[in-house]
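All remarks here apply to the structure that follows.
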Amino acid sequence: MKLRSIASMLALAAVSASATPIGSTVTAISVLTPGSTVSNTDSWSGTPQQISAFAYNSSGQSSLWSFVDSYNWAANGNSGTIMMQANWVLANGDVNYAAAEGSKWQYTFTADDTGFFELNYSLTPWGADTFGLNGIYLGGDLGNGYFSNGDSGQYIANVIAGNTYTVNLSMNVNLSNSEVGLFGYDASMVGLFNFNLTGASSVPDTACTLSLLTLAFAALASLRRKLA
């Protein structure tokens with residue numbers, strides 16, 4: 001037996017986190033007052049696939065759109081990418097309230113193994129004045145967090161085999177001025193998120209450890225005899 005085979009067997013002792021995907025939904029909402037509310041949604045159940053939602057709204061010369069896209073799904077639901085974007089052009093005081101509140105991504109899965117949910121994030125602002133394009137909330141069964149516009153980093157939470165989890169990301173985008181209306185705002189926010197379920201490195205049980213060590217010593221002895 002070659003030594004690299006022993007290494008391969010030891011590597012198999014590490015637990016790999018995996019998921020049973022249940023379903024995912026994306027929702028885009030654009031609100032202008034005075035004006036209307038525009039919303040759109042898309043979802044999948046059982047089998048991961050790309051889904052997206054886009055909501056465009058306008059009133060006078062002002063406009064607002066939100067977009068949520070979920071893609072790059074692993075077939076087993078272990079990983080994926082989410083992009084969330086809001087863009088507004090608020091001119092001439094046409095509206096006194098603009099918001100994309102309620103725009104969100106949601107994913108529900110059952111953890112097949114114990115490990116970690118890792119979420120890498122990056123929020124990029126565009127435009128001279130991004131006030132009101134505040135950031136994105138993290139919520140659900142894996143804890144709560146808040147990612148401000150312009151921030152990047154990683155969020156990690158534990159998952160336990162057999163437990164079912166729902167995680168969501170929701171936009172915090174709103175701006176109001178009831179006295180003179182909104183004008184002069186032309187900006188956007190793009191949030192990019194990549195999640196991955198990773199295994200927790202574990203020590204093999206005693207019987208497995210003794211068996212692997214026995215094989216390792218046998219391989220070392222054989223190698224020494226060949227070198228002698």
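Every number in this text was worked out from the coordinates using simple rules, so none of it is lab data. Small disclaimer: the values here were computed from a predicted structure and weren't measured. Every residue, glycine among them, receives a Cβ derived from its backbone with ideal geometry; neighbour counts consider all protein chains shown.
Under a 5 Å amide H cut-off, with hydrogens placed 1.01 Å from N, ASP113 pairs with SER18, GLY162 among residues at least 5 apart or on other chains.
Full extension of the chain between ASN92 and SER178 yields a length gain of 29.6 nm, computed as 0.36 nm times the residue separation minus the alpha carbon distance. In a fully extended conformation the segment linking SER122 and ASN194 would gain 25.0 nm over its present Cα-Cα distance, using 0.36 nm per residue. The calculated FRET efficiency for the pair THR114 and ASN144, based on their C-beta separation and a Förster distance of 30 Å, comes to about 0.90. Spin-label model, ALA75/TYR137: points 7 Å from Cα along the beta carbon direction are separated by 3.7 nm. Remark on PHE183: its backbone amide H falls under 5 Å from those of GLY93, a criterion applied only to residues 5 or more positions apart or on other chains, H modelled at 1.01 Å from N. With θ taken as phi - 60° and the Karplus curve 6.51 cos²θ - 1.76 cosθ + 1.60 applied, the whole-hertz 3J(HN,Hα) list for the range 72-85 is 6, 5, 6, 4, 8, x, 6, 7, x, 10, 10, 10, 10, 9 Hz, x standing for glycine and proline.
Computed from backbone phi, the HN-Hα couplings of the range 29-40 come to 9, 10, 10, 10, 10, x, x, 8, 10, 10, 9, 8 Hz, rounded to whole numbers (Karplus: 6.51 cos²θ - 1.76 cosθ + 1.60, θ = phi - 60°; Gly and Pro given as x).
Residue-wise HN-Hα couplings along the range 42-50, as the Karplus relation 6.51 cos²θ - 1.76 cosθ + 1.60 with θ = phi - 60° gives them from phi, are 8, 7, 9, 9, x, 10, x, 7, 5 Hz; Gly and Pro carry x.
In this label model, ASP129 and ASP186 are separated by 1.2 nm, measuring between points 7 Å along each Cα→Cβ vector.
Between ASN163 and GLN49, the C-beta separation translates, for a Förster distance of 35 Å, into a calculated FRET efficiency of about 0.90.
Which distance in Å, rounded to a whole number, links the C-alpha centroids of the range 130-165 and the range 105-120? Using only Cα atoms, the two centres lie 12 Å from each other.
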